Each structure stands twice: as structure tokens, then as C-alpha cells.
Amino acid sequence: MKHKRVHQIIILTLIAIFYCNTLSLNFALDDRMVIMESQYTIEGGWNSVKSIFTEDTFSGYFGTDNNIVAGGRYRPMSQLTFMLEFQLFGQKIKEQIGNVHDFENLHNADNEKYFEDSFLPVVCHFMNVLYFILLCLLLYEVLSKVFPDHSGTKWYQSLAFLAVVLFALHPIHTEAVANVKGRDEIFAMLGATLALWGSLKYVDTRKWLYLVVSLLAIVFAIFSKENAVTYLAVVPLTLFFYKSEHKKTSDYFVTLIPIVLGTVFFIWARYRALNCLLPEDTTNNILNNPFIRSTKAQEIATVLVTWAIYFKLLFFPHPLTHDYYPHQIAITDFSNPLVWLIIAGCVALVVYALVNLKKRSVISYAILFFVITFSVTSNFFFNIGTFMNERFVFIPSLGFTLILGYWLYLLSVSKNDGMKKLSVGLLALVGLLYGVKTFTRNFVWKDDFTLFLTDVKTSDNSIKCNISAGGSELQIWKKSHKERDKVAAYSYLDKALKLDNHALNAYLLLGELFYLDGNTSGAYQAYRNAVLIDPNSKLAQDNLAKMTLAAEDEQINPINKLLDEGMAEQNPAKVQEAYRQINEYLEQHPESLIALNIKGNIIGRGMGRLDEAIKIYEQVLAKDPTFASSWENMGIAYAIQQKFDKAQACLERALQLSPDNDNIKYNLVYL
């Protein structure tokens, strides 16, 4: 094909120019789940390979819970490449992290700096760009074969070239390319397009080798992401448009054999990994199932509105965001006129495509390609766990750029020289606008902080984005100690809770923020709300227990201080007042071991009734044998009584329970 080499060089160069800045990025968003904190990625070896192909994709992050998000996730192919890249370029990180089987250690926030200081992010981002280049070059090859008649004598008179350039530069693809985890989208389309190429080559040559290529390619594609299964319909659709003197009617059946075999193999493997074909959603979390509080009619109507948003972003890709979680998109119903307008528009497009199908219209092909490939991620047939995401139209967007490219192509082959110049001008203008937007949007994917604090300005009504932004501001404040950062953290978390007062993670972060801000009672209430929302949350339970003790300390410390003052001043009245207050506190909190322990101190140290104090310490230890303070106090009481053997035994036990306590060490030395 004339100008083929020029077209390939232009496509490669444009992608390199407008995606080169991704090499400066770190990891962000779901990269944490599949790379930074994935046991499978970091551990490596055959056991990890086995787990990658036999478990839910997110099991390496969460553990072996097979239904983390609605629909389940089984995408082993991209996960395998992450593991291989880590094993080649991340061994130092592996040593720094240590035990990857300890999930608490695996999820330690301090590990993040090891990745930032390594060469691994550069490698992963470079590979994403490289795979994207290969995809675009392959798309150009396939479209050139399918639409050979749509190519003129000038370099810009090529439908395949125009469509692929627009596809390569479209800003909506930044999520798939600039976010390393988005590789599953690139792989799915790369493999599926290669399978399509193999089918076309088989039609031309009758060589079975190309059917083998098609089989291997579709397996690669579907094991990267499930939406590649839509090529079961794309292959015969493309074959219908493909003009080849060697084409036979039987080819529609023969070329589908490898696609069907690959799909069946994937379904079997997915079933084995997830223990069911399509896992039933069992979560009550609106962030994992946005329609959990909606009727079916509301769900369908809202999904239709998201389709309109997709079309708007394809035509005018601004503003972009990674987050379309509730309540960024409002739940609607069929009383909304916009819903019916969307239905009318969709019906009109499909009718147009079908009516012009026999004419083998490019626009007809483009519409049907979009409809077919969008079906799986449209949320219409399957709940995909969120309202929408820009990466969900990564493959379907080729249909859109085909239409734009076709319009530019018609202008470029016009007999009017002005129209030809206009086509070049429009290509340059649209390409430049797309490229600049893509380049600037890439920077937003630098890391979680940049992503969350940028996109929350767009996704200001998203529960999840406000939580993420609040958490980011909290981490910034912990380092900066600036009032504005603390205020921003409170603001985002409060907004999240106004949007959803059952947002567990918002309460957990708010509890930490309150505690670090010196508001123990606020922290206690936040963690208490978290436990009420999810009684099984260990993090919420542990922090609530800590805040309970902290709140208790706030009330009991003044009593302890009163005892110390009474003893220092040899003032029996203050000791007696401390005794009165601790008894009053114990009447209200009879289960408080801290208060009971202090009562022993008051009676023993303050009043000199050591035997009575020892009995109180024994009561504490009968309820909690690990209460180090009571072992220490009982040891001191025995020492005062000159029962040194018992004193030593008690103090040694206290030191076992609290090995960093210098007071216990001191008492043992001078016993």
C-alpha cells in the first residue's frame, strides 16, 4: 500500500511524542492492587503463576475472597506481565518489603517509597506505551485490508491512517495507557485484533496456520480482559465487509472456530478460578454495586444516561476523570426526558447501521463495531461494579474514530482543492487538540495524590473520590502539619459522609484524623460508627478499642494526677479525694480494669494498705493476665513488704509483657 511506511512512522512518532511523559509517572490507583501490594506480583515463581491463573485477579491484594467486586475479576495475562517485570526489575523492592505472606506488611504504606525510588515504574510505563504502539500499528494493518478502496494518492487520503491517528491521540485512552493497570484493555484489543488479522489472512491464503494464530491471539485477548469475547461477533461482521476474491460462505463458520474454542477455554478457566460463571454480588457496599439501592427501572434509565456521557466524552473529551462512582452520576428514571431522547438516538443509529449494512457502508460498520464491543462494558447486560469508566470505551472508541476518519477521508478525496486542504487542516487541528489534552492529562496519573486531588474537582459528588482526596490530604497533613491541609482533609471526608453516611472508609479516615488532631472523643465516635456499619472490620474494631482506652485515660488521668499530688505534698485529703473519684468512676464503669488498677495504687501507695491493694491487682489479672501495669504494681507492693522473690517474679512477668518499659527495668535492677 502506498505511503504505508510513512503512515506507520507518523503513528509511532505521534504516540511517542504525546505519551513520552508517562515515563515520568509513578504508580496510581489500581496499580496498587496488581503490582505494589499484590502478593502474586511480588513473590514471583511458579506458585504465583499458578495463583494468577487460578484465582480472582484481586486475590493477590485482598486474599482469597472470590467476590471482591460485582462480577468478579479474572484477567491473568496482564497480571503475568506485571509479575515478570517486577521479578526482572524489582528484586531490591522485594528485599525491602520482606514477608509478602503477611498482608499487614504487604499493605504497609511505607513500602510505597521503595517503588518510587526504583526503575520499575519507568519499565512498566514504557511497556504500556510500546504495547499501545503495537496495537495502533496492527489496527492500521487490519483497517487497510478491510477498507482498501478508501485510500487515495496523497499520504492523508487513507481511512485506515486517519482513523488510527485519531484513535491513537484520543484523550479518553489516557486511563488505559497512563495507568499501568490499564494494560488489560490494551492487551484485550491487541489480541483480539491479531485474531481478526489471522482470520482475514486465512481467507486470503487458506493456510491453517493463521487459524492457529487466531486461536492463540483470542486466548491472549480474553485472558487479558473479558470484553474481547465480543469479537465472536466482530469477526463475522468484518468478514462481511472484507472484499476478497478468495472469500467463501463457509469462511464465516471456519474463522469462528478458533474464536469459539478460545472463548470456551476462557469460560472453563474463569469458572475454575471464581467457582461460578458470573458471581452473584453479595456486597452491600454501594461503591462496589452502585445500583444496590435502585429499582431495575432506575438502573436501566441511569445506564442509558451514562451512554450519553460516553458519547459526549468521545466528541468533546473534557473534563476527564477516573471516578464516576456514586453519586457523581445521579440515579434517574424513565420520567426523565433525556432518557427517551437517548433511546431514540440509539435506535436511530442502529436502524441506520442495519439499513446500510448491505451497502457495506463504513459508518454502518463503525456503528455496529461500537455496539458489539460496548455491549459487555455498557452495564446493560452485566453489573460491572460502577456507573462507568473512560477505559470501558477503549475498544469501542475505534468505531467513533472510524466515523471521524471517514468524514475526513471524504473531504480529502473531494474534487475541490479547498476541501482537501480543509481535511488536512482539520486533521492537524483535531490531532493537536487531542494530543495536547492527552499529554496534559497524562501528568494527572503521576500518583494517587495527584490523581485524587485533581479529579475530585471534577468528581465532586463522588463518595469514593471525596474519600480518596480526604485520605490524600490526611497523608499530606501528617508530613506538612499545615492547617490548610488538615482543613481540606476534614472538608473532603465530611463531604463524603454527607453523600453517604454509611461510607466505612470515610469514618476510618476521619477517626485517624480526629485522633491525630487531639480529638479523642471524635475519633471514638468515628470508629464506633465504622463498627456499626461493618462489625466484621478488624481495623474498625481495633481502633475503636484503642480509642476506648484513650477516652478512658482522658477521664482517669486527672484522678491519677490527684494521687501523685497528694503523695508528693503528703496531703491525705487529696489522696482521699482521688479515692472518692475512682470509686465514683467504677460505679459508672465497673468493667474498667484501668480504673481498678488505679484504685489499687490509691489504696496501696496512697493509703498504705498493701495487702488490700495486692488483692485488687489480682482481681485485674484474673480478668486480664496480660495487664502489665498490674504485674508491675503488685511487684512494687511485694517489694515494699520485703517479699522480694514474689516482687521479682511479678516484675519479670511485667517486663515480658512490656519489654520497652524503662520503669520496670529500673525496679528490677534496684530490687
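The values are calculated or read from the model by the stated rules, or taken from the named source; none is laboratory data. Here the structure is a predicted model, which is why all the values come from computation and not from measurement. Backbone-built Cβ (ideal geometry, glycine too); neighbour counts: all protein chains shown. Side chains are part of the model used for accessible areas, which takes the heavy atoms of the whole protein and leaves out ligands, DNA and RNA. Shrake-Rupley method; radii C 1.70, N 1.55, O 1.52, S 1.80 Å.
Points worth noting:
- Failed criterion for residue 157 (all others in (1) of a type outside the set (Val, Ile, Thr); (2) surrounded by fewer than 23 Cβ atoms within 10 Å (Cβ to Cβ); (3) at pLDDT 95 or above hold): (3)
- Some residue of segment 517-529 being at pLDDT below 95, among the charged types (D, E, K, R), assigned to a helix (DSSP H, G or I) and under 28 Å from residue 482 (Cβ atoms): no
- Search result, residues across segment 570-587 that are open to solvent by 90 Å² or more (accessible area, probe 1.4 Å) and either under 14 Å from residue 605 (Cβ atoms) or of a type in the set (Lys, Arg) (or both): 570, 572, 576, 580
- Of all residues in segment 169-197, those that are within 27 Å of residue 215 (Cβ to Cβ) have Cβ atoms under 6 Å from Cβ atoms of residues that are basic (Lys, Arg) and open to solvent by less than 10 Å² (accessible area, probe 1.4 Å), 6 or more apart or on another chain, in 184/225; 188/225.
- Subset of segment 474-502 (residues that are among the polar types (S, T, N, Q) and under 16 Å from residue 460 (Cβ atoms)): 491
- Of 510, 499, all but one fail to be crowded, with 17+ Cβ neighbours inside 10 Å, within 21 Å of residue 285 (Cβ to Cβ) and in contact with a Leu (Cβ under 6 Å, 6 or more places away or on another chain); the exception is 510.
For every residue, the table says whether it meets (1) closer than 23 Å to residue 466 by Cβ; (2) in contact with a strand residue (DSSP E or B) (Cβ under 6 Å, 6 or more places away or on another chain); (3) of a type in the set (Val, Ile, Thr); (4) surrounded by fewer than 19 Cβ atoms within 10 Å (Cβ to Cβ).
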site: 301; (1), (2), (3), (4): no, no, no, no
site: 327; (1), (2), (3), (4): yes, no, no, yes
site: 331; (1), (2), (3), (4): yes, no, yes, yes
site: 344; (1), (2), (3), (4): no, no, no, yes
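- Taken over segment 444-455, the criterion of being β-branched (Val, Ile, Thr) and either at pLDDT below 95 or open to solvent by less than 40 Å² (accessible area, probe 1.4 Å) (or both) is satisfied by 444 alone.
- Taking segment 563-671 and the helices (runs of 4 or more DSSP H) fully enclosed by it, the elements with 2 or more residues that are polar (S, T, N, Q) and in contact with a Phe, Trp or Tyr (Cβ under 7 Å, 6 or more places away or on another chain) are at 628-640.
- Check on residue 458, open to solvent by 10 Å² or more (accessible area, probe 1.4 Å) and of a type in the set (Val, Ile, Thr): yes
- Summed over segment 81-109, the residues that are touching an Asp or Glu at 6+ places or on another chain (Cβ under 8 Å) and among the aliphatic types (A, V, I, L, M) give a count of 2.
- Selection count, segment 534-569, where residues are over 24 Å from residue 520 (Cβ atoms) and surrounded by 12 or more Cβ atoms within 10 Å (Cβ to Cβ): 2
- Only one of 31, 56, 117 that is at pLDDT 90 or above, open to solvent by less than 10 Å² (accessible area, probe 1.4 Å) and among the acidic types (Asp, Glu): 31
- Among the residues examined, residue 163 does not qualify as under 24 Å from residue 455 (Cβ atoms) and either out of contact with any Phe, Trp or Tyr (no Cβ under 6 Å at 6 or more places or on another chain) or in a helix (DSSP H, G or I) (or both).
- Hits in segment 262-276 (condition: at pLDDT 95 or above and loosely packed, with under 14 Cβ neighbours inside 10 Å): 264
- Unique match (being more than 24 Å from residue 475 (Cβ to Cβ), within 24 Å of the chain's Cα centre (by Cα), among the acidic types (Asp, Glu) and open to solvent by less than 50 Å² (accessible area, probe 1.4 Å)) among 204, 184: 184
- Condition check for residue 17: part of a helix (DSSP H, G or I) and open to solvent by less than 20 Å² (accessible area, probe 1.4 Å): no
- Only one of the numbered conditions (1) under 19 Å from the mean Cα position of the chain (by Cα); (2) outside any helix (DSSP H, G or I); (3) farther than 30 Å from residue 200 by Cα is not met by residue 111, and that is (2).
- Scope segment 390-427; condition polar (S, T, N, Q) and modelled with pLDDT of 95 or more; matching residues: 397, 401
- Residue list for segment 630-663, restricted to those being under 24 Å from residue 592 (Cβ atoms), of a type in the set (Gly, Ala, Ser) and either modelled with pLDDT of 95 or more or buried (at least 21 other Cβ atoms within 10 Å of the Cβ) (or both): 630, 635, 637, 654
- Of everything listed in (1) touching a residue at least 12 places away in the same chain (Cβ under 8 Å); (2) open to solvent by less than 70 Å² (accessible area, probe 1.4 Å); (3) in a helix (DSSP H, G or I), the single unmet condition for residue 92 is (2).
- Subset of segment 355-370 [open to solvent by 80 Å² or more (accessible area, probe 1.4 Å) and touching a residue at least 12 places away in the same chain (Cβ under 8 Å)]: 360
- Some residue of segment 234-248 being open to solvent by 10 Å² or more (accessible area, probe 1.4 Å), in contact with an Asp or Glu (Cβ under 8 Å, 6 or more places away or on another chain) and either under 24 Å from residue 401 (Cβ atoms) or in a helix (DSSP H, G or I) (or both): yes
- Residues of segment 404-443 that are open to solvent by less than 20 Å² (accessible area, probe 1.4 Å) and without any contact (Cβ under 8 Å) to a residue 12 or more places away in the chain: none at all.
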